[in-house]
Amino acid sequence: AFRTGHDFVIKQFSGNAVVEAQHIVDSIKTIHDEHGIPYDEIAIAMYNRRYKPLYYFLESAVQTALCDKHIPFNMLYHNDQGWGARYGSGGVSLITFDSVLGLDFQAVIVCGIKPLGAYDQTKKIAPGSVLSEESAEQLKKNISYLYVACTRAKDHLHIILSEKSNQSIYAKLLTDSK
């Protein structure tokens with residue numbers, strides 16, 4: 001879906017999940033306090049809740065940061081039977097890329113892409129590389145995840161990248177899109 005939103009921000013830094021969570025909270029404060037968007041119209045869309053091989057535990061870091069700032073939240077994961085009842089329930093929605101399809105929010109914070117491509121080895125692809133059919137399909141799937149997550153935002157899209165563009169083809173794709 002093509003959207004003509006008012007606010008498109010990319011925050012890029014090098015850091016861990018705790019630092020990323022602080023950037024997420026800063027974005028929520030900006031969206032809520034400065035733009036007047038209610039918490040239940042803000043979603044935090046992350047690729048994975050955690051990725052053990054990288055010691056990357058974004059969900060728990062975000063929950064802690066939200067609790068510290070007294071920001072209400074709820075979790076909308078597709079494998080949770082009661083998630084539909086919490087959609088629009090007054091708090092910021094934590095949701096994964098594979099659960100966000102079909103949902104729309106006034107503001108979306110796309111984050112947690114550090115592990116994207118790590119498992120399937122599509123994270124760093126040299127220019128001119130020939131990909132196997134399996135890798136090419138996985139690359140397309142990962143780009144589709146990013147597209148779906150980004151297009152859930154009606155008016156405000158904030159992208160939080162915890163690595164530089166030369167560390168991930170997905171971070172480069174997002175920064176180049178601005």
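The values are calculated or read from the model by the stated rules, or taken from the named source; none is laboratory data. Remember, predicted model here, so these are calculated numbers, not experimental data. When the accessible area is computed, the model is the full protein with side chains, heavy atoms only, and any ligands, DNA or RNA have been set aside. Shrake-Rupley method; radii C 1.70, N 1.55, O 1.52, S 1.80 Å.
Our coupling estimate for segment 9-23, obtained by passing each phi through the Karplus curve with A = 6.51, B = -1.76, C = 1.60 and θ = phi - 60°, is 10, 10, 10, 10, 7, 10, x, 9, 5, 5, 5, 4, 4, 5, 5 Hz, Gly and Pro reported as x.
By the gyration tensor of its Cα atoms, with a ≥ b ≥ c the square roots of the eigenvalues, what is the shape of segment 1-70: rounded for a/c under 1.5, prolate for a/b over b/c, or oblate? Prolate. Would you pull out the residues with amide H under 5 Å of residue 114's amide H, same chain only if 5 or more places away, H placed 1.01 Å from N? Amide H neighbours of residue 114: 162. Taking a ≥ b ≥ c as the square roots of the eigenvalues of the Cα gyration tensor, an a/c ratio of 1.5 or more together with a/b larger than b/c marks the chain as prolate. Using a/c under 1.5 as the rounded threshold, could you call segment 122-178 rounded, prolate or oblate? The axes a ≥ b ≥ c are square roots of the C-alpha gyration tensor eigenvalues, and prolate needs a/b larger than b/c, oblate otherwise. Oblate, since a/c reaches 1.5 and b/c is not below a/b. Solvent-accessible surface of the chain, taken per residue with a 1.4 Å probe and all protein chains present: 51 Å².
Amide H contacts of residue 9 (H built 1.01 Å from N, in plane; Pro and chain starts excluded): 157, 158, 159 sit under 5 Å, all sequence-distant by 5 or more or on other chains. Distant-in-sequence amide contacts of residue 74, defined by a placed amide H-H separation under 5 Å and a gap of 5 or more residues or a different chain, comprise 92, 93, 94.
The 3J(HN,Hα) values that the Karplus relation (6.51, -1.76, 1.60; θ = phi - 60°) gives for segment 45-55 are, in residue order, 9, 10, 5, 10, 6, 7, 9, 4, x, 9, 6 Hz. Gly and Pro appear as x.
For the chain, what does the helix formula give at 222 nm: sum of -39500 (n - 2.57) over DSSP H segments with n ≥ 4, over the residue count, nearest 500 deg cm²/dmol?
Working: 5 runs with 55 residues, N = 178.
Counting only the DSSP helices, I get -9500 deg cm²/dmol.
Phi-derived couplings, Karplus 6.51 cos²θ - 1.76 cosθ + 1.60 at θ = phi - 60°, listed residue by residue for segment 57-63: 10, 5, 4, 5, 5, 5, 4 Hz, with x used for Gly and Pro. When the solvent-accessible area of the chain is split by element, carbon and sulfur atoms take up 52 percent of it, the probe being 1.4 Å. Note on residue 164: lysines with a C-alpha under 16 Å away, same-chain residues under 8 apart excluded, are 11, 114, 123, 124, 172, 178.
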